[in-house]
1. For chain B, set up a Gaussian network in which alpha carbons nearer than 10 Å are linked by springs, and say which option among B:Val30, B:Val119, B:Val180 fluctuates the most.
2. Per residue of A:52-64, count partner chain C-beta atoms within 10 Å of its C-beta, then hand back the mean as an integer.
3. Distance check, please: which entries in A:Lys240/B:Lys174; A:Lys84/A:Lys240; B:Lys59/B:Lys81; A:Lys66/B:Lys116 exceed 26 angstrom between their Cα atoms?
4. Taking the Cα centroid of segment B:212-238 and of segment B:266-304, what is the distance between the two, rounded to the nearest whole Å?
5. Which residue fluctuates most in the GNM of chain A (Cα springs below 10 Å): A:Ile215, A:Ile110, A:Ile184?
6. With +1 assigned to the C-beta of every Lys and Arg and -1 to the C-beta of every Asp and Glu, and no other charges, what is the dipole magnitude of the protein assembly as shown about the Cα centre in debye, to the nearest 20?
7. Among B:Arg217, B:Arg27, what is the fewest-to-most ranking by other Cβ atoms within 10 Å?
8. Enumerate the helices in chain B for which the Kyte-Doolittle hydropathy averages 1.0 or more and the C-alpha atoms extend at least 24 Å along the helix's axis, using complete DSSP H runs.
Amino acid sequence: MTTATLPVTSPASSPSREPRRPRDWRRVLDWVAVHSLGIALGLMFALPIVFVFLTAVMSDSQAFTKDLWPREWHWGNFLEVFDKAPLLKYLGNSLLYSLLATIGMLLSSIPAAYALAKMKWRGRNAVFLLVVGAMMLPPQVVAVPLYDTWSSLGLTGTLWPLIAPYFLFDAFSIFLLRQFILTIPQSYVDAARVDGCSEFQALVRIIVPMARPGIAATALFCFLYTWNDYFGPLLYTSEKPDQWTLSLALSSFKGMHHVQWNLAMAVTLLIMVPAVVLFVFAQRSFVKGITFTGVKG
Amino acid sequence: MTATLERVDVVRTAPAKGRSRSRARHRLTVLAFLAPAILGFTLFFGYPLIATIGFSFTKYDLINPPEWIGLENYAYMFSDKLFRTAVYNTLWFVVVLTVARVVFALGVASVVARLKSGVGLVRTLCYLPSLAPPVAATLVFFLVMRPNEGPLDAFLGWFGIESPLWFADPAWAKPGIAAVMLWVSGDLMIIILAAILDVPQEQYEAAELDGAGPVRRWWHVTLPTISPVLMFGVVNSIILALQLFTQAVVAGSAASGSADVTGATKNLGFPENSTLTFPVWLYTQGFRYFDMGYAAAMATVLFVILFAATALLVQRMRKSAHQEEGGPGA
């Protein structure tokens, strides 16, 4: 690549302007510097995962050593971890939490985001500010009264205190969906209204199909946030191992099997699979969604 | 908008009745769309926020009814040594993470923006780690930075640098966690990268005509144009640092060697409370020692500090919202 593109441009410009030569050299140097930095950065981000993978397929004894490259490839480690801990149980709990929360979020947040983005009413800006405020609030701030309430309802020790709120309100999702819906031209909604559509029809027939990429991105973020959540499951289910999610279980895995680096790393990789798979299939949604949280915010 | 509607009403008096009815319907629709959100906000934010402040004046262990003790919880903070440690650790993260995260993400984004080939690949590699569960990301670094056997140890060895014990050394545990946080800062990098790519090309061309090299173009054109996004990065990082919990708990309990979920309490803050952040101490007090009143007081303090930090961001967003509404659509 390096040699292929550059010589093409430099002879083209050099015959007419001889004195420009030193400038071209600087460009080449600049190109080399930027691309070596790029390669270094790529390596820096990728290498930790590569090490984790290589450790995960080592034998028990080799995982203990300084070796970076496995002498034998123990692919069976990825299956063996399922014998060491009830991972399928944890996987089921994680899926229950993430899927139900995402479904609940979509049901509750899409209409709210539409009302905030495309309907006119007094107090809209104030309500939007409340949403932003709720988005910034760390879960620890409201943990005490919520735990108190859920425990008096007898629901601590289950994942329901974490799932239920999504069916009513999720600040980040409402915020992100609103940002997406704002980019849909108002004229589409107005046209639907002129044609006699009710607001609900305008939402279902016009907004939802047009905002599909935004809805997908919001669903992805919601799924991953709950999948990655540690504080929530720790707070409500730490005493009930049969309710643990994968994230919570992983934090204990290293302790329970702390001699077996290879297995601990195999689990670490397995828990990252959904994120990677989702990203590969929906890279554009991710990038678009993440840019929306910052730039348009 | 409401103003225009009223004006129409004055002009045409005949259909006024129908209009006010449709207006009532409009209001009902708004209410219906927002009903779950209003209920949810009240139950999961409004009530607990007020209740937290209420609980902060009580002694409460979840079993016996709360007992009013006035400002005692707040007074206790001044004699609680670990509270001071927790405040120090969290402030350390606020300062170090905010600077490091924004500078690092800006640096990475600036390099990626100038790549001519392989942009997609490098961008993906930078972004992917930020999707990893915090527990997993911390354990990844625990492996990479493990003393004597880890690859980082070997790497530093090539340069003759003796690697510290990282998560087992009170002086290096926090920098270790900061390294994890930088590894997962790809989301901020993507945001900054998008902003850099949005800078109008003409501005660069104009600067180039003035004889500005790449570095000066970056300093005089890129930086000022993307400064609002950098501001977002700063506030976002402050909020992130103030609520740092998972990475600290996992690093502390994994390094102490006996990490199991319920027993983790004993090792929170390991080594020597160097990873005891404010939220970790809040969690320990409230949900391991069941001193809910004291935890609520700490939550109130955290809320007040966050409120100040958030006000900054909201102010900025309000400004940009006004600009948006200048258009005919709104």
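All of the numbers you see were taken from the coordinates with simple rules; none came from a lab. All values derive from a computational prediction rather than experimental measurement. Note: ideal-geometry Cβ built from the backbone for every residue, glycine included; neighbour counts use all protein chains shown.
1. Looking only at B:Val30, B:Val119, B:Val180, the largest GNM fluctuation is found for B:Val30.
2. That works out to 1 on average.
3. Exceeds cut-off: A:Lys240/B:Lys174; A:Lys66/B:Lys116.
4. 36 Å
5. Of A:Ile215, A:Ile110, A:Ile184, the most mobile in the Gaussian network model is A:Ile184.
6. 2280 debye
7. B:Arg27, B:Arg217
8. Within chain B the helices that satisfy the rule are B:81-114, B:223-242.
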